[in-house]
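The values are calculated or read from the model by the stated rules, or taken from the named source; none is laboratory data. As the structure is a computational prediction, the values presented were derived from the model and not from experiment. Here the Cβ positions follow ideal geometry from the backbone for every residue, glycine too, while neighbour counts run over all protein chains shown. Note: areas computed on protein heavy atoms with side chains; ligands, DNA, RNA excluded. Shrake-Rupley method; radii C 1.70, N 1.55, O 1.52, S 1.80 Å.
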Amino acid sequence: MKKATLKDIAEYFGVSISTVSRALSGKPGVSSELREKILEKAREIGYTPNLMALGLKKGNTRTVGVLIPELSANFFADIVSSIEKSLFHLGYRLILCSTDDDPVKEREHLQLLLDQKVEGILSAPVNVKENKDIYNSIINHFKIPVVFFDRLVEGVDSDFVISDNREGMEILVNYLVKHGHKKIGLIHPLRGSFTGEERLKGFLLFKDSIEIREEWIRDGRSSEQGGYESFLRIMTSQERPTAIVIGNNLMTLGVLKAAKELNIKIPEDISLVSFDDAYWNEIFDPPITCVRQDPQQIGLIAATILLDRMKNRKKPSPHMQVVLKVKFVERSSVRTIKTLKDFS
């Protein structure tokens, strides 16, 4: 069925399109009698205005671009849900883009958002070094506010909302050490991503107090499959660690699947702790000890900052750099290793 247009209404009454537009928008220059007839005809034929086109003319599209690494992770789904709830009641709509952790795809999506005249961008960028130029151009040349969440790009002066990655790793490793573990492996998020780099650095701060081997440190690529493959590699090492820190919840799911296939018992054969929580951490037997982020809070704060930037474009203020605390959740996935000292 053909969509009704302004031209259809104009031809019906034998008037110009601009006359119909003025009548529908309540602008002067149209008699009240003709205005009523035009409004009635618009309702009759089901005419609805192209809001995007109107927005482009006014320079106000009421749209916000959101870039996330992938669509399957409940962590990013929760953030996007929180963003949408925060913006929807204020009349904003989202254009959601998945980068698949590909900097080329990210760049194309950013260009698309520019073409769509978005009023602001919320982004979990792919890499700490990639696409710095286009982000800076969006902020400084096009004057479109950008708020990073979960991840950053080095050299881009922008607002951001992240979790305390170093603190989270410190909590997890200290917990393992407290339970007698000295041989500890790591499956970290994608190298090059902000979270991948930060969590790896946080883990390596313990290099002088625990035994760290190259074959026990694996890039899980932030994905379920990456976690699965990394766990298999670590568990086929000539000597295994007694515990593994897993760098995000999707990789934890992959690790749990691999452990089941190998018939490896947790925590009897290997202890596990996870950076970030998910429903499977609770229902797995045993439930997985972790540090928990707050994706709803991340989304709310990021959206609130962006709203303020869009509202006060001509009133520059210092950038908001929000680092949220993580919460430790102790469950049953870590065994205590007895030492000779414990028996003395």
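A few notes on this one:
- Sites LYS132 and LYS338, calculated FRET efficiency, Cβ-Cβ separation with R0 30 Å, nearest 0.05: 0.05
- DSSP bridge pairs, the stretch 190-344: antiparallel proportion in percent, nearest 5: 30 percent
- Converting the Cα gyration tensor eigenvalues of the stretch 130-171 into ellipsoid dimensions via √(5λ) gives semi-axes, longest first, of 26, 10, 6 Å.
- Annotation: peptides 287-297, 98-108, ranked by per-residue average of other Cβ atoms within 10 Å with the highest first, follow the order 287-297, 98-108.
- Working note: Debye formula, equal point scatterers on the alpha-carbon atoms of the stretch 198-300, no solvent; log10 I(q)/I(0) at q = 0.19 Å⁻¹ is -0.97.
- Using every pair of separate Cα atoms, the Kirkwood estimate puts the hydrodynamic radius of the chain at 22.9 angstrom.
- Expressed as a whole percent, the accessible surface of the chain that belongs to carbon and sulfur atoms is 53, based on a 1.4 Å probe.
- Using the Cβ of ILE210 as centre and a radius below 13 Å, the other residues enclosed give a net charge of +2, where K and R count +1 and D and E count -1.
- Sorting GLU198, GLU211, GLU268 by accessible area puts them as GLU268, GLU211, GLU198; the probe is 1.4 Å, largest comes first, and only protein heavy atoms count.
- Neighbour net charge for GLU261 - beta-carbon separation under 15 angstrom, K R +1, D E -1: +1
- Computed over the stretch 59-116: relative contact order in percent, which uses C-alpha pairs under 8 Å that are six or more apart: 44 percent
- Per residue accessible area in Å² of the chain, where ligands, DNA and RNA are left out and the probe is 1.4 Å: 51 Å²
- In terms of distances greater than 31 angstrom between alpha carbons, the cross-link table entries LYS7/LYS311; LYS41/LYS314; LYS257/LYS327; LYS37/LYS311 yield LYS7/LYS311; LYS41/LYS314; LYS37/LYS311.
- Net charge dipole size for the stretch 207-287 [Lys, Arg +1 and Asp, Glu -1 on Cβ; Debye, nearest 20]: 160 debye
- Magnitude of the charge dipole, the chain, Cβ model with Lys/Arg +1 and Asp/Glu -1, debye to 20: 1100 debye
- As a rough guide to protection, the peptides 138-151, 182-195 ranked by mean Cβ packing within 10 Å, highest first, stand as 182-195, 138-151.
- Cβ-defined net charge surrounding GLU282, 15 Å radius [Lys, Arg +1; Asp, Glu -1]: -1
- Share, in percent, of DSSP beta bridges within the chain that are antiparallel, nearest 5: 10 percent
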